[in-house]
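The values are calculated or read from the model by the stated rules, or taken from the named source; none is laboratory data. Source: prediction; values computed, not measured. All Cβ positions, even for glycine, are placed from backbone atoms using ideal geometry, and neighbour counts span all protein chains on display. Heavy atoms of the whole protein, side chains included, go into the accessibility calculation; ligands, DNA and RNA do not. Shrake-Rupley method; radii C 1.70, N 1.55, O 1.52, S 1.80 Å.
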Amino acid sequence: MGCPVMSDFDYADVQGLVRFGYKKMTKASYALLRVKNAAAARAWLRSASITNAVELDPAPRTALQVAFTAPGLAALEVPEPVIEEFSHEFRGGMAQESRSRQLGDVETNAPAKWGWGGPGRAPHLVVMFFGEPELHENFVQNSKGPAWEDAFDTLAYLETANFGGFEPFGFKDGISQPEIDWNQERKTPCTELDYGNIASLGEFLLGYRNEYGKYTDRPLLDVDAASAGLPSAEDAPGKKDLGRNGTYLVMRQLQQDVRMFWEFAAQQAGGDTKKAEKLAEAMVGRTRAGDPLEPIQDQPIPGIETKPGAKEQNRFTFDQDPAGDRCPFGAHVRRVNPRNTDFPTRPSNLLTKLITMLGFGPNGFRDDLTSSVRFHRIVRRGREYGTRLKPEEALTPSLAGDSNPECGLHFICLNANIARQFEFLQNAWVNSTKFSGLAGESDPLLGNRVAISGCPVTNNFTKQKDGGLRRRVLGMPQFIKVRGGAYFFMPGIKALRYLAQDLSAKNP
């Protein structure tokens, strides 16, 4: 057991995945379970050694995490009035029909075609096992213990793969992540309105102030014998906070067709592999090595270190590329993180700032179409799966034959408000055909290319050129398909102990 590094924040009450990506634990697997016996499931939860967010020296070599769906809380016999206090999105679930349309989960992405998470295939909980490769298998078996078989039925067991820091299409991944304000030094509501990479703690953990300076709704309970061990609510004296130090975990299995992606790029480039790579980079918004198509800024950006390395690859904005000449407006990195500010024209003095705040003064057309990014951040914790097919192999059949092994991403993100964070990003930025003033195109990677009301064409991609003719790429196929998904609540450690009690006596 390592020695803890001291801090005022109660990291011991937070599951470690929120703070750490467990990158050095390169082996991971996810057990999607249904509760077979509630009492046995609660007994297993009471005995499970869930890894918290305390920083240890040396760092642990294995980690166990757990999160629940709304049906899973019901299966554990959590009282319905408590479940009703969770967010509408969490309770409705990802596969809800109206939500599927909003997320673009239609036709080939429809929940009815998912391997898990769709109708009749919804998990109750996910148990996540992380470990160094030589320890992982024994760790999984030891963590399950003898009560596992009595407690759960396995709906699906998802393995992951290690692609060496690259996502399946062959691009360096994991570069751009928000920095969480663990010490709560950021003023809320925020008064620093230029783009920065620091986000309020309440954007990712329930029970703390978010970027609006507000507390996200979550279950607040009366004090009784069952809730006595929960933390107190900051915004409701006399109440216990079931959400505090917990978060919502979004999980989606995304199958990526690597051969189709690179063959389409090559076809558009007339067989020229260098031009194909340039087109692919324009679609992503970064080089395969992870360098942004925008120049790295000399001046620091709050929350992004200036030392060389991956942090440096995140030190840029799109301010110097107003025409989308370097990085196209529809590129993936622009859509998922527009890097904009609350003052698009960057007022330089108090008077012009005041004019802008009041809604006067010139605003660019595109500025009105992209909401400030600081209200829509997510923390990504996904892992690749399947067999890797390198771009060179996809472009040169002789290197890999005609094989197209299944691979993709087990996408996982953490956020305190599913609607304002993950769902907004997915609907208003990724799927929107009007993002940044565009027309007839969705995200070049994640878009499902299905016609929508008012826009019969969604499969184009535009490369702008300042002062020159833009290039329009037509007929882009769907490179990524959704194969499963669900919304989970990842509780704090004290909240997990509460959920592991027999609460059925409180059920009306």
Taking a 29 Å limit on the Cα-Cα distance, which of the listed pairs 23/144; 275/390; 214/240; 144/481; 24/274 fall beyond it?
144/481; 24/274
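Only loop residues by DSSP count here, and only those with at most 15 other Cβ atoms within 10 Å; note down the trypsin sites (Lys or Arg not before Pro) in the range 157-205 that meet that. Intermediate values should be presented prior to the final figure.
Numbers: sites: 172, 186, 187; in loops: 186, 187.
When the trypsin sites (Lys or Arg not before Pro) of the range 157-205 are filtered for loop state and at most 15 Cβ neighbours within 10 Å, 187 remain.
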Beta bridges by DSSP in the chain, antiparallel share as percent, to the nearest 5:
95 percent
Accessible-area composition of the range 86-139, carbon plus sulfur, in percent [1.4 Å probe]:
49 percent
Relative contact order computed over the chain (Cα-Cα under 8 Å; 6+ residues apart), in percent
23 percent
Area of residue 455 that stays accessible when all protein chains are in place (1.4 Å probe, Å², to 10)
20 Å²
For the range 219-233 and the range 381-436, distance of Cα centres in Å
40 Å
Given a cut-off of under 8 Å on Cα pairs at least six residues apart, what relative contact order in percent is computed for the range 116-223?
14 percent
Phi-derived 3J(HN,Hα) across the range 436-453 with the Karplus relation (6.51, -1.76, 1.60, θ = phi - 60°), rounded Hz, x for Gly and Pro, is 6, x, 7, 8, x, 8, 10, 3, x, 9, 8, x, 9, 6, 7, 4, 10, 4
In Å², and per residue, what accessible area does the range 76-117 have when probed at 1.4 Å with the other protein chains present?
44 Å²
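Give me the Kirkwood hydrodynamic radius of the range 1-160 in Å, from all C-alpha pairs, to one decimal place?
The answer is 17.4 Å.
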To the nearest 10 degrees, the tilt of helix 38-47 (Cα long axis) against the first principal axis of the alpha carbons of the chain is 80 degrees
Expressed in nm², what is the orientationally averaged projection area of the convex hull enclosing the Cα positions of the chain?
25.7 nm²
Pop out the carbon and sulfur fraction of the accessible area of the range 169-314 as a percent, whole number, probe 1.4 Å.
48 percent
How much of residue 154 can a 1.4 Å solvent probe reach, expressed as accessible area in Å² and rounded to 10?
80 Å²
Enter the accessible area per residue of the range 396-466 (Å², integer; probe 1.4 Å; all protein chains in place).
37 Å²
Counting other Cβ atoms within 10 Å of each Cβ, which trypsin sites (Lys or Arg not before Pro) in the range 413-508 have at most 16 and sit in a DSSP loop?
434, 465, 470
Over the chain, the sum of -39500 (n - 2.57) across DSSP H runs of at least four, divided by residue number and rounded to 500 deg cm²/dmol, gives at 222 nm -5000 deg cm²/dmol
What angle do you read, to the nearest 10 degrees and between 0 and 90, between the alpha-carbon axis of helix 133-144 and the longest principal axis of the chain?
40 degrees
Dipole of the range 373-508, positive direction: furthest Cα of 375, 394, 457, with charges on the beta-carbon:
375
Using amide H atoms built in the peptide plane, which far-off residues or other-chain residues are under 5 Å from residue 155 H to H?
32, 33, 34
Which whole-number value in Å² is the accessible area per residue of the range 165-237, probe 1.4 Å?
43 Å²
Using a 1.4 angstrom probe and counting only protein chains, how large is the accessible area of residue 272 in Å², to 10?
60 Å²
Loop GluC sites (Glu not before Pro), the range 56-141 (other Cβ atoms within 10 Å of the site Cβ: 12 or fewer; DSSP):
84
Calculate how steeply helix 273-284 sits against the longest principal axis of the alpha-carbon atoms of the chain, using the helix alpha-carbon long axis, and give the answer as 0 to 90 degrees to the nearest 10.
50 degrees
Work out from phi, with θ = phi - 60° and the Karplus expression 6.51 cos²θ - 1.76 cosθ + 1.60, the ³J(HN,Hα) of each residue of the range 417-424, listed in order in whole Hz, and give x for Gly and Pro.
9, 4, 5, 7, 10, 4, 5, 4
